[in-house]
Amino acid sequence: MTRDTTAVVTGLGLVTSGGTDVASTWASVLAGRPTAAHDPEMQGLPVDLSCRVTALDHPVLSWPGCAHLDPYTRFGLVATAQALEQADLPGSGWDPARVAVVGGILFGGTRAQDTASARLAADGPDRVSPYFLTGYMANMLGAAVSLHFGITGPGLSVTTACASGTTALGVARDLLALDHCDIALVVSSEAAVSRLIMTGFAQVGTLSRHGSHPFDADRDGFVMAEGAGALVLERPAFAAARGAAPLARLIGYGAATDAHHLVAPQPEGRGLEQALRTALADAGVTAADVGHINAHGTSTKANDRIEGTALRRVFPHRPPVTSAKGALGHTLAAAGTIEAALTVLALNAGKVPPTAGLRQLDPGIDLDVVSGTPRTLASGIALSTSAGFGGHNAVAILASA
């Protein structure tokens, strides 16, 4: 028996440096507007550029427990609330036991960790807050979402470094296909712009001193960013029965591991290629059917070149490619979910956003990377790619509703 693995997207939520809701983030990305700025809190480090979330405000933050939560959890709660509002949930047909929450995470509560470490060093253990652990633990994003919205179905937190947001989509899709739930909330969040984490990435040599310029000949690394993304996924029959209007369909997913190096991607992009081909087969479409690629596009020398090589092999027809990281920076674990949401928006608007920061395409990258102004999207199928330290690769394929 063949199991239908298609899921429909019925709600989106975004909190980014480009804006604290879907409309403002989309406008920022569509305009190709970089958000990187020198960060006073990072002054004196080798790199002090970041993309911060500012002026976050939403009724969900009035929940009393929010005061003790790390920013990464608050970002995720707001994104989830937005997505549920758009999906008209909770509503008729909402059974909390049939709703799953899948969180994509990497660092967890770095602000909570930094505060507790400083108090321990300066004043001793009595000054460490009893709320430290619930602010710091990586699973608290999903736990807070479940607690606030009264969700009692499966709750999972997945981490595949900077591929976590896309991996979470695949896990949520499978929970729906296996009939473990009717609705799956996918939420990924990151607020890891801290002096320690920034120093760690600087030591590895991945951060930019000049801004994010994906696929550009003069790119020199990514800009650390904060942000969160959320998607509501439903089984198609369930969404139809409750009268929900699908925004898009999640039709394919693929994942693969490089098994090459702890931080460096496989030089020929074989892991990413495997994930791409797996996703295409899963979706039952050909490479030629894909009309747009939202690339991982980190703006590092190695990633962009290797990703470009893999995409060129799989998609010789050269569909238009963009990277949101030129505008929003690299949101690490949240990137895949944010970029999947942007891919849904591109399908609905019929527009491929430009790659902010791209001035001169690297001559060694044979891709049709959109720059300057948006491009018309001529196809109803698009995909989003993600990769992460540890050799993780994940691909989601989305189609018009």
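Given a Förster radius of 30 Å and the C-beta distance between His261 and Gln360 as r, what FRET efficiency does 1/(1 + (r/R0)^6) yield to the nearest 0.05?
Rounded to the nearest 0.05, the efficiency is 0.55.
With springs connecting C-alpha atoms under 10 Å apart, model the chain as a Gaussian network and identify which of Ala79, Ala295, Ala240 has the largest mean-square fluctuation.
Checking each option, the largest mean-square fluctuation is seen for Ala240.
Where does each of Thr134, Thr257, Thr167 land when they are ranked from fewest to most other beta-carbon atoms within 10 angstrom?
Lowest count first: Thr257, Thr134, Thr167.
Return the equivalent ellipsoid semi-axes of the stretch 155-206 as a descending list in whole Å, where each equals the square root of 5 times an eigenvalue of the C-alpha gyration tensor.
They are 31, 10, 6 Å, listed largest first.
Hey, what do the phi angles of the stretch 235-242 turn into as Karplus ³J(HN,Hα) couplings, whole Hz, using 6.51/-1.76/1.60 and θ = phi - 60°, x for Gly and Pro?
Rounded to whole hertz, the list is 5, x, 5, 5, 4, 5, 5, 9.
Please figure out what share of the DSSP beta bridges in the chain is antiparallel and state it in percent, rounded to the nearest 5.
Restricted to the chain, the bridges split so that about 65 percent are antiparallel.
Please report the antiparallel percentage of DSSP beta bridges with both residues in the stretch 7-241, rounded to the nearest 5.
Around 60 percent antiparallel, to the nearest 5.
Does a label point 7 Å from the Cα of Cys66, set along Cα-to-beta-carbon, have any residues of the stretch 139-153 with amide nitrogen under 19 Å, and which are they?
Only 140-151 pass the distance filter.
Would you mind telling me the antiparallel percentage of the DSSP bridges in the stretch 284-401, rounded to 5?
60
Mind ranking 264-272, 382-390 by how tightly packed they are, going by the mean number of other C-beta atoms within 10 angstrom, highest first?
Output ranking for 264-272, 382-390: 382-390, 264-272.
Compute the relative contact order of the chain as a whole-number percentage, counting only Cα pairs closer than 8 Å that sit 6 or more residues apart in sequence.
Here the relative contact order equals 24 percent.
Which ³J(HN,Hα) values in Hz, rounded to whole numbers, follow from the phi angles of the stretch 68-76 under the Karplus curve 6.51 cos²θ - 1.76 cosθ + 1.60, where θ = phi - 60° and Gly and Pro get x?
9, 8, 5, x, 5, 6, 5, 4, x
Which residue fluctuates most in the GNM of the chain (Cα springs below 10 Å): Ser50, Ser24, Ser189?
Residue with maximal mean-square fluctuation among Ser50, Ser24, Ser189: Ser24.
Relative to the compact globular guide of 2.2 N^0.38 Å, what is the alpha carbon radius of gyration of the stretch 253-400, as a ratio?
This ratio for the stretch 253-400 stands at 0.93.
Counting other beta carbons within 10 Å of each residue's own, what order do Asp57, Asp39, Asp114 fall into, fewest first?
Neighbour counts put them in this order, fewest first: Asp57, Asp114, Asp39.
May I have the convex hull volume per residue, in Å³, for the Cα set of the stretch 7-241?
136
Just rank Leu178, Leu328, fewest to most, by other beta-carbon atoms within 10 angstrom.
Starting with the residue having the fewest Cβ neighbours, the order is Leu178, Leu328.
State the extension gain, in nm to one decimal, for the chain segment bounded by Gln43 and Ala122, taking 0.36 nm per residue of separation less the distance between their alpha-carbons.
Contour length minus the Cα-Cα distance gives 26.3 nm.
Output needed for the stretch 102-193: three equivalent-ellipsoid semi-axes, defined as square roots of 5 times the C-alpha gyration tensor eigenvalues, in descending order, whole Å.
They are 31, 15, 7 Å, listed from largest to smallest.
Give the Debye-formula value of log10 I(q)/I(0) at each listed q (0.08, 0.09, 0.13 Å⁻¹), with one equal scatterer per alpha carbon of the chain, two decimals each.
Listed by q, the Debye log ratios stand at -0.37, -0.47, -1.01.
Can you compute the helix-only [θ] at 222 nm over the chain? Use -39500 (n - 2.57) per DSSP H run of at least 4 residues, normalise by all residues, nearest 500 deg cm²/dmol.
When only DSSP H runs of four or more count, the value is -10000 deg cm²/dmol.
Any read-out appearing in this document is the output of simple, stated calculations on the displayed coordinates, not a laboratory observation. All values derive from a computational prediction rather than experimental measurement. Neighbour counts are summed over all protein chains in view; Cβ atoms, including those assigned to glycine, are modelled from backbone coordinates with ideal geometry.
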